[in-house]
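Reviewing the structure listed below.
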Amino acid sequence: MAFTCQLFVILIGFLYNVDAESQNFKSAGKSNLLDVAHNLGATTFLSLVIKTNLTATLNQTGHVTVFIPSNKAFIDLPEEQKENLKDLSYAKEILLYHLVDGHHDKKSFRNEALYKSKSKMKDGDTFLKVRVNIYHGGEIITAGGSPIVNFDNEASNGIVHTISRVMFWPPRYGPVAQIVNIPITTFMAYGLMDGGLSEQLNKKEPYTLFAPTDLPWEALPNKTMNKLRGNKTAIRRVMENHIVSGTYFTNGLKLNDTLTTMLGEELRVDSIIGSSNDI
């Protein structure tokens, strides 16, 4: 499981009646964002747009980039998240997180670029940002950790990209160094502090931390743990070997990928479990 510093219904029922409603989106001129979504068959997304009163937002003039989750992306959500999306005020903010100001096509994407979404943080003044990452020379491009599977569907007032997962807000935990708030990584949190890495990891540069849960730490021999305790140099070296520079979502990794740690060692991806929804 990777933690980055910037990180980060039953909806099936919507599918049955949305087609008739979606026909109302069709316009006489060039296809707008809602027309494009309809043509792409994004019925679940469109149903939520109707229910959250966002049709006017997607009909507005001026360019907007929309990352539309596929119908399957909604079906594949964990049950808890499906239940959460029944709260239409919450669902509205999630949809707004999929809307980014400006016209951003595939060729304009840059690794680690941050795009201002239309969803605001709880303080009401700061807009959440969607991070785009490029892996394997552009073979995989993710938005908010979700793979983009269909690019550059042009509209009169913007552009649509289809993604294979629903994007949720970035994790609440903040910088990597603050993961002391995550109970399963207590040893890592203390190790980062004891190793003197907190200040560095509180900076804006993106990092990915491959953080073992507490269980494998507790399984270490007492002799090994005793060597680490109070030895800041040793602790720092162990911590640095779990950190790589850059944002590596699970969905961007492949088997046998190699990454270089802060310590200069090489990590190889032997298996990939779960998804970057977990970060």
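Assorted remarks:
- About its Cα centre, the dipole of the stretch 184-279 is roughly 300 debye, where the only charges are +1 on Lys and Arg Cβ and -1 on Asp and Glu Cβ.
- Equivalent ellipsoid of the stretch 38-170: semi-axes from √(5λ) of the C-alpha gyration tensor, largest first, are 21, 17, 16 Å.
- When M121, M262 are compared by accessible surface with a 1.4 Å probe, the order from highest to lowest is M121, M262.
- The order of S198, S245 by accessible area, most exposed first and with a 1.4 Å probe, is S245, S198.
- C-alpha center-to-center spacing [the stretch 57-135, the stretch 186-229] in angstrom: 33
- A 1.4 Å probe run over the protein chains yields, for the stretch 78-146, 50 Å² of accessible area per residue, whole-number rounding.
The values are calculated or read from the model by the stated rules, or taken from the named source; none is laboratory data. Quick caveat: nothing in here was measured; it's all calculated off a predicted structure. Cβ sites come from the backbone with ideal geometry, for glycine too, and all protein chains shown count toward neighbours. Just the protein is used for accessible areas: all its heavy atoms, side chains included, with ligands, DNA and RNA removed. Shrake-Rupley method; radii C 1.70, N 1.55, O 1.52, S 1.80 Å.
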